Structures are given as structure tokens and as C-alpha cells.
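Structure, as C-alpha cells:
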Amino acid sequence: MAQADSKKDLHADQDPNKINLGIGAYRDNDGKPWILPVVKKVKQNLLTDPTLNHEYLAIDGLRTFTDASAKMILGADSRAIKEKRFLGVQQISGTGAVLKKGATVYISDPTWGNHFQIFGDAGFTVKTYKYWNPATLYYCLKTADSGSIFVLHACAHNPTGVDPTQEQWKQIAAIIKEKNHFPFFDCAYQGFASGSLDKDAWAVRYFVDAGFEIFVAQSYSKNFGIYSERCGCLTVVTSTEQQAINVRSQLCRLNRASISNPPAYGARIVNAEDNLRTMANRIIKMREETVRHLTDLKTPGNWSHITSQIGMFSYTGLTVAQVKVIKEKFHVYMTDNGRISMAGLNENNVRRFAEAVDYVVRNA
Ligand SMILES: Cc1ncc(COP(=O)(O)O)c(C=O)c1O
């Protein structure tokens, strides 16, 4: 409810200098949506390609796209790919890919709000595991019923911006194996954490190398900036080639019933990675600038988490009361839990943002 009110306030606010840090979508340095140059180029090619038409795709999608998608997350030299123990089925973006059903599903607390609705509506019992303190996370993994599904953010955790270290991932994998849990990776920000697709796939590839069967829900909304094209893929790694064939057939049945046929446009666009670095670097720069201004203003508190957190979001640590004041007095909008989208900051508004934070920290 509070969230909906906040959106209403944002749209009603006539201040030309209002700052929107609530939206989970990339903005350029002028605060404008950005069409990646590679996407522009592919769109032009698509327009003039005489071989393209608007026929239905196969129920599991465009095979060149789903194979490329598996390569992108698993690595081109993945053993699972060589041994044909994988499959990819196109989905309605990351949200659609998350939407697949028995066991209890554990999602992180906090997490992307839609996880509750997606798994709840699909008929799962949804429980949460405490996130970002490794000790409580391990405890939740150990005490959950054996054979539970654990939804793990592959990289750039939303909303905390804190990912496990490689050592912590190894520990998580060891407990998941011991407890016979099933790892379900939600990967909505590959490339956003480090600017490298490969680095951001480290955790997923570690699990595959360790012999796990996994599901990975891949979204191309953010890393290709094609939010409304609803482009995603559910990549599955199985133990055998025959299982991959069987799972593909089951997922085709589910696709047929839920969407009948996947959309082609976004799948045709996803074929390059160069532009990720531009977005990741601008976000990293805004993290540094925010901390530089807060240091300059001698704002009380330790702000190093802003630069140590990664990905699109940052948990500022501001309280609900401070979030209210920053909105009313400074026209700065963020979610009530103090999460900001770093992509909403740019060279023109980062100082004003820091000043607003400085004010609420001292006075609210
Ligand atoms: C953690 C996480 N998973 C999945 C998604 C799905 O996004 P989409 O359905 O646009 O691909 C998002 C979007 O914000 C997200 O933050």
C-alpha cells in the first residue's frame, strides 16, 4: 500500500528536479532510458532481413537464442553443454522463467517483492531465508526441510546489492548438497555486478561444475534494456541427456498452457554483450560519487556499503521516517525500505541527493 502511495506521489510531484530512485531500470547520465547501440543496430538489421517473418516460434522458443542463453550463463565450454545435459526454454522474461511447481520454496528475506506472488500464485508454500548475514543464511539452509527449493540470486542481489563471496557460495553449495535441496537461480542482472557476463556467472557455473542439477531463470530486461519485450529463458542442467529431453518436453507442455507461444522480437535482439560495460561502469561511478559527496558533507555514519554493494541497487540504510522526509522535502523517491536504484543517479543530481541524505540523517 505504502509503495503504491509513493508511486502516486512521484507522478503527482511537479518539481522539475525530483529524483526517482525507485525504478529498477537503467537511466543514462541525463536520467533518460537508454537504447543500447547494439539493440538499435540489430533492430535495423531485423527490419531489412528478408528471411524474417511473424510466424509462430516453436513452443520452446527460438533455439539459437535459447542455446546462446545457456552458453551465456553456463559458459561456452561447459561440460553440461558438451554432454547435452542442458536445455533452454524461452519464457516471458525473467518473471515468466521464475514461474514454474510441490516442495517448499525458500526465497531470501529481503528479496524482489514479486517472488512472493509468483511462487505463491503457482501453488508453492513460500518460506524465507535470512539473507546477507552468512551465519543466518547457513542456519536457514541447514534447518529447512530436506529437498526444499532454494531461490538464489545468481548475482547483484535485489534489493541488498550484497552477493556471497566465492568462499560463501562454496559453503552454500555444500549445505545444499548435504540437505538435498534444489538450487533455483534467478538471474536478472548478469553483467550488471561486474560488467562481465562470465564473472557474474561464477556461482551458477560453480554449482554446475560441482555436479548439481539446476534451474536458472534468465532475464534480458536489464542487461539488454529491453524491459517491455519480455525476453527470458529458463535454462536447466540435468544429470543425463535423456533427462534433458524429458524436461524439455514437460516445459513445452507448461509453456503451451500458460503462454501458448513465446515472443520472437527480444529473442532475436539478444546476441551481443559490449554495452553491458557502459551501464555497469556508470553505476559504479555513481556509487563512488555518492560516497565522495557524503564524505565531503561530513555526513554522519559509515557509507562504505554504497561502494561495496554491487549491481543496480543499494540499500542506503535510511529509515522509513527518513525516506518519508526525503520524499516530502527533497522530492527524492525510493522504496520504503531505503533501497535506491543507483541508475537513477547521474552527474546532475548526485550532489543534490547526497545533500538530501545528509539533511535527513542529521534531522529526521
Ligand atoms: C531478482 C529479480 N528477478 C527477476 C526479475 C524479472 O524481471 P523481468 O520479468 O522484467 O525479466 C527482476 C526484475 O526486477 C528481479 O529484480
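The values are calculated or read from the model by the stated rules, or taken from the named source; none is laboratory data. Just so you know, these numbers come straight off a predicted model, no measurement behind them. Counting neighbours? That spans all protein chains shown, and the Cβs are built from the backbone with ideal geometry, glycine included. For accessibility, only protein heavy atoms count, side chains too; no ligands or nucleic acids. Shrake-Rupley method; radii C 1.70, N 1.55, O 1.52, S 1.80 Å.
I need every pair where a residue in region 126-152 that is closer than 19 Å to residue 217 by Cα has its Cβ under 8 Å from the Cβ of a residue that is open to solvent by 70 Å² or more (accessible area, probe 1.4 Å) and not charged (D, E, K, R), sequence separation at least 6 or different chains.
If the second residue must be open to solvent by 70 Å² or more (accessible area, probe 1.4 Å) and not charged (D, E, K, R), the pairs left are 126/116.
What number goes with the only condition from (1) farther than 14 Å from residue 21 by Cα; (2) surrounded by 15 or more Cβ atoms within 10 Å (Cβ to Cβ) that residue 288 does not pass?
(2)
Among the residues of region 344-364, which ones are surrounded by 18 or more Cβ atoms within 10 Å (Cβ to Cβ) and of a type in the set (A, V, I, L, M)?
Selection gives 345, 350, 354, 356, 357, 360, 361.
Give just the number: which of (1) at pLDDT 95 or above; (2) within 16 Å of the ligand (Cβ to nearest atom) does residue 110 not satisfy?
All conditions pass for residue 110, except number (1).
Considering only region 1-76, give the helices (runs of 4 or more DSSP H) lying wholly within it that have at least 3 residues that are touching a Cys at 6+ places or on another chain (Cβ under 9 Å) and open to solvent by less than 20 Å² (accessible area, probe 1.4 Å).
Hits in region 1-76: 63-74.
Failed condition for residue 261, given (1) under 30 Å from residue 40 (Cα atoms); (2) part of a helix (DSSP H, G or I), with all others met?
(2)
Going residue by residue through region 155-168, is there one that turns out to be closer than 23 Å to residue 24 by Cβ, within 16 Å of the ligand (Cβ to nearest atom) and in contact with a Pro (Cβ under 6 Å, 6 or more places away or on another chain)?
Yes: region 155-168 contains one or more residues that are closer than 23 Å to residue 24 by Cβ, within 16 Å of the ligand (Cβ to nearest atom) and in contact with a Pro (Cβ under 6 Å, 6 or more places away or on another chain).
Can you find, within region 209-235, the residue that is farthest from the ligand (Cβ to nearest atom) among those that are aliphatic (A, V, I, L, M) and surrounded by fewer than 24 Cβ atoms within 10 Å (Cβ to Cβ)?
210
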